[in-house]
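Comments concern the structure below.
All of the numbers you see were taken from the coordinates with simple rules; none came from a lab. Fair warning: this is a prediction, and the values are worked out from it, not measured in the lab. With ideal geometry, Cβ positions are generated from the backbone for all residues, glycine too; neighbour counts draw on all protein chains shown.
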Amino acid sequence: MMPKNGYNPEGYFEYTVYPLEGIWDLTEKGKKLKTFSKDELLYTIMIRQPKFVTNEVVERAFENVRKKKPHPFLKEVTFETIEDGLSVQMLHVGSYDEEPESFKQMDGYIENNNLERVTLTHREIYLSDVRKIEPAKLKTVLRYMVKPK
């Protein structure tokens, strides 16, 4: 909305907002359990930004939000760069509860191609809006960071 309010960041172009993404991990307790527990999940939710969005642009946006719609969680929002590196990814179609089947396929691919996971965390990119699509049709990209064995 900044250009409509007279501020055009250098390099600005109109764009479609990127899909929501999440980085998922387990708590220390969850890593020690013999069975998976959703209650032990940790996550970071994010939305990719175009290259013209700089620290200055983000700070200006935060100032606007603080003035117009203050929110207690705003202080927890960060702006940072994340790189995945070599990855194995798969398009999962279906409910989030069915993701373990796709993860098994990814694990098989990793094993068959002499790779190993770098970390137990994984990334999910949500291509569907869960509020508008029935669970059986949800599309989610699942991604593991890997390295050669």
> What is the number of the single condition among (1) over 24 Å from Y126 (Cβ atoms); (2) free of Cβ contacts under 8 Å to residues at least 40 places away in the same chain that V58 does not meet?
Replying inline: (1)
> Residue check, D39 against (1) of a type outside the set (G, A, S); (2) part of a helix (DSSP H, G or I); (3) touching a strand residue (DSSP E or B) at 6+ places or on another chain (Cβ under 9 Å), all met but one. Which one?
Replying inline: (3)
>> Suppose we keep only residues that are of a type outside the set (F, W, Y) and in a loop (DSSP other than H, G, I, E, B) within the stretch 42-68. Which one would you say is surrounded by the fewest Cβ atoms within 10 Å (Cβ to Cβ)?
In response: K51
